[in-house]
1. Which percent of the accessible heavy-atom area of the range 378-457 goes to carbon and sulfur, probe 1.4 angstrom?
2. Just name one of N178, V605, H513: the one whose Cα is farthest towards the positive end of the charge dipole of the chain (beta-carbon charges, Lys/Arg +1, Asp/Glu -1).
3. Students often forget the sequence filter, so: which lysines lie under 24 Å Cα-Cα from K143 once same-chain residues fewer than 8 apart are removed?
4. Relative contact order for the range 485-589: what percent, with Cα pairs under 8 Å and sequence separation of 6 or more?
5. Per residue, how much accessible surface does the range 301-426 expose to a 1.4 Å probe? Answer in Å², no decimals.
6. Under a Cβ-Cβ cut-off of 9 Å, what is the net charge of the residues other than A497 that fall near it, where Lys and Arg count +1 and Asp and Glu count -1?
7. Using a cut-off of 28 Å between alpha-carbon atoms, which lysines can reach K337, once sequence neighbours fewer than 8 places away in the same chain are excluded?
8. Enter the accessible area per residue of the range 518-637 (Å², integer; probe 1.4 Å; all protein chains in place).
Amino acid sequence: MATLVLHGVFRVQVRDLVRVLVWFLVLDAVSPLFPRESGSRELKELNGIWTFRADRSPNRNQGFEDGWFRRRLAETGPVIEMPVPASYNDITQDSTLRDFIGWVWYEREVLVPARWVQDQGLRLVLRVGSAHYYSMVWVNGVKVMEHEGGHLPFEAEIGTVLRKDPGSGCRITIAVNNTLTLQTLPPGVIMHFNDPTRYPEGYFVQNIYFDFFNYAGIHRPVLLYTTPRVYVDDITVVTDFSDNTGFVSYVVSVGGASTSTVKVTLMDKDGQCVASSTGLTGVLKVVDVNLWWPYLMHQNPGYLYSMEVRVTASDEKSTYEDVYTLPVGIRTVNVTKSRFLINNKPFFFNGVNKHEDADIRGKGLDWPLMVKDFNLLKWLGANSFRTSHYPYAEEILQMSDRHGIVVIDECPGVGIKDIRSFGNASLSHHLSVMDELVRRDKNHPSVVMWSVANEPAAEMPPADFYFKTLIKHTKDLDQTRPVTFITDSNYARDKGAPYVDVICVNSYFSWYHDPGHPEVIPIQLNTQFENWYGKYQKPIIQSEYGADAVAGLHSDPPVMFTEEYQTAVLRRYHGVFDQKRKEYVVGELIWNFADFMTAQGITRVVGNKKGIFTRQRQPKAAAFTLRERYWSLANQTGMLPPWTRYPCSL
């Protein structure tokens, strides 16, 4: 009997997999499979130019009071053109729109293929990849859905609305509100200033507790897609292997029918069938398995099989068939007290932190930038990144799967600093966000760990119950991956650390502490590691470290904000990493991959400059330092074929 390893905590027999996988099925009402075309499914992208209007009324509520969704947006007042996907902040020359807080309205009139509307056997689904942060959606003036929170998709079936009046077309209206409160993720506070000698009437600002610009708008693709009336609603896979045999355990959820026939076929990269099964649950056995390996850990990284799920059902009128194909990587994740294991081999996170951030488009999905970033990651010899500080686009995770880039998948739990953000309303929303995130990303082999927060006020008394509940909930949702959060708290007073599987620590010695003195780094970093490991006996990742550097600014000897100082700081950290990785340190993630925009402030010169690349992706000196290090570490594994070895010269 084959056995499944569940992140080093316990082992279960394959016959018990239905019990293990059933946790995922409670999430069926959240967000579905990523839309893919097939013989039974079509999709229509709605990206491009939309009509846009910001609600500038004093209470930001005129759009609802006047019912802007009931008619064409252009009939309600002045409108402008706005690209989707993109943040709206940097598109115009209007500084008030760049910092706008409140409701903005998008509209697009769509030509829907007539046969989609006429065919009663089709579901017609409207999907929004993400919008920041609260969204309401209407079709032809009829409200079809609303969603709380950014970074994650939401959708609704709209066929019923369109079929009520087939000749009325399809007018989609989306209202988006970027206001943050103490109960949102991330949290924030609206501050009103009433002193007429200093501020204009009705003046207010959005205060935030995170160090990146609060971009807003529709950030990921909007699309229509179809499925048959009976359809594949969800798929969950859990993988394992023994010797040269792989196991893919699956659960299929079918919508639209109480009974159906399900056939599952697993194909290799050449399209050859390697295993098949029938039924809603099963285990596929793969002989001579090609495991999913991280980049530079194997000469064939990122190997993906294709799992075709075919559902058939009939009623008195018709027979329905739906086909959905899911990429599957076969791999295991395991954590011991001092090691992080992928496929039972020690894995070291030679990685980066990133942001979804770019000139003009802000956090809008950017295919050229995405491909450029993956090319730069591989040029660096990096094998991993953290989705700091929110879930990234599904398209990014799909690229990570294909390229073998390992991901720490983080929710938007950044800036939890106020004690009022540890209340029941905040916790309830945080649990819901983890539901959505796990359901969306559970099948990505690149995702090896969940992060539930970044730098929360974990020393506050309510943090104990908050993180105990949140981490337990996440582990209940997915028993196959470790769970962490990123801390900058005191090791002895951190209320959440006892509940994580891996300790992730941020520290900026010689920058925020003892600025200008990199000579203190070895002492302070060594003390940090010894303190954390001594108390918790868990593997440790240095989840952030670094220093700001203004590209082109040089000095000898190094001083702060120069490229030389940034490089000096990295080298001091690396010396300690090289010692501690022999013991219990399992990763190092530089802050940051690239410069990014922040709110304006006296400590930020047009954004955060801790990137080893500029915002335009030009390398600073530190990029070459890190490249030399990561390739050297990869070569030390001895697992790479000679032609991939990093050359001695830069």
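The values are calculated or read from the model by the stated rules, or taken from the named source; none is laboratory data. Predicted model only: the values in this text are computed from it and were never measured. Positions of Cβ are backbone-derived with ideal geometry, glycine not excepted, and every protein chain shown enters the neighbour counts. Note: accessible area is taken over every heavy atom of the protein model, side chains too, but ligands, DNA and RNA are not part of it. Shrake-Rupley method; radii C 1.70, N 1.55, O 1.52, S 1.80 Å.
1. Answer for the range 378-457: carbon and sulfur cover 50 percent of the accessible area.
2. After comparing all options, I get H513.
3. Straight-line reach from K143, under 24 Å: K44, K164.
4. On the way: 154 pairs, mean separation 28.8, N = 105.
Dividing the mean separation by the residue count of the range 485-589 yields 27 percent.
5. Per-residue accessible area for the range 301-426 comes out at 31 Å².
6. Spelling it out: positives minus negatives among the neighbours equals +2.
7. K345, K354, K442, K468, K472, K475, K495, K535, K538, K580, K582
8. Working: 4680 Å² over 120 residues.
So the range 518-637 comes to 39 Å² accessible per residue, rounded to a whole number.
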